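Below: the structure, in structure tokens.
Quick note: the coordinates plus some simple rules give every number you see, no bench work behind them. Note that the coordinates shown come from a computational prediction; the quantities given were computed from them, not determined experimentally. Reconstructed Cβ throughout: ideal geometry from the backbone, glycine too, with neighbour counts over all protein chains shown.
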Ligand code: AMP
């Protein structure tokens, strides 16, 4: 596995691989790798001949009051895991390599970013699409793998690729969970043991939704009400949003539609913001 920090050498290495006829898959991450990230690498391997992993805690996607400084950074461990998974190229740039002081160009996807996490985290998706576009341009990757854990992010990136006719295929990877049901996230390490316990209310809510639908409830307002009531019972949890939407457009719907209905949840457990979702 080759580790690269310089932008120029990353671009050159990727170009060389392309010239040799390799099919490149890129997996962008912010590091602190866990089994969720590793599952993306495995999907990337199946869909390419060379896998590029990027590790960069992107300041552009953090709000001024968010956890940029305390975000977990575990590079030595990450390198070991990436090597074990058979990553071919790992790109770990510094902030100033990607954004110099005169940086002034951004990629902004509109409608689909104005809801859910986009509403609660202004500027977040602009930061995500800008860095992802830079990584796509530098690597010229053929495939990009993104987790459905960040479902809106996966849809936003897919929209950007479609709108800008980018020559890359986006693959959405299923959510990896702990046995308890909690979706794996680098931010789970912020949770105390009582908070971890309280956080289970998220995956419980996803199950409750499935059960309610199976029992025949199709009215979206009713479903949201039942989910809100369930989550509100957990004292340590404050709801940011509960939305049930069309899974493609992320537009509101009135009635449940089979396999096209997304429930997206965002809550604060103590100070930690967690998200989860399901398409039913
Ligand atoms: P992050 O490092 O949190 O920015 O995540 C990097 C990539 O890993 C994103 O595409 C995430 O959606 C994906 N990811 C994070 N957690 C999970 C998970 N539990 N299951 C599947 N993919 C995940």
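Okay, here's what the table says:
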item: In degrees, nearest ten, helix 35-46 long axis to first principal axis of the chain (Cα); result: 50 degrees
item: Scaled radius of gyration (Cα, divided by 2.2 N^0.38 Å) that region 197-274 gives; result: 1.08
item: Tilt relative to the chain, helix 151-163 - C-alpha long axis, 0 to 90 degrees, to 10; result: 50 degrees
item: Global form of region 139-280, assessed from the alpha-carbon gyration tensor, a/c cut-off 1.5; result: oblate
item: Gaussian network model of the chain, Cα within-10 Å springs - most flexible of 65, 83, 46; result: 65
item: Ellipticity estimate at 222 nm from DSSP helix runs (n ≥ 4, -39,500 (n - 2.57)) divided over the chain, nearest 500; result: -12000 deg cm²/dmol
item: For the chain, built as a Gaussian network whose Cα springs stay under 10 Å, the top-fluctuating residue of 76, 130, 113; result: 76
item: Global form of the chain, assessed from the alpha-carbon gyration tensor, a/c cut-off 1.5; result: prolate
item: Calculated FRET value between residue 49 and residue 258, using beta carbons and R₀ = 45 Å, to 0.05; result: 0.75
item: C-alpha center-to-center spacing [region 264-280, region 56-84] in angstrom; result: 20 Å
item: Three-way shape call for region 103-223 based on the alpha-carbon gyration tensor, with the a/c threshold at 1.5; result: prolate
item: Order of 27, 51, 267, 279 under a 10 Å beta carbon neighbour criterion, fewest first; result: 279, 267, 51, 27
item: Where a label projected 7 Å from the Cα of residue 169 along Cα→Cβ would reach, residues of region 1-35 with amide N under 12 Å; result: 23-25
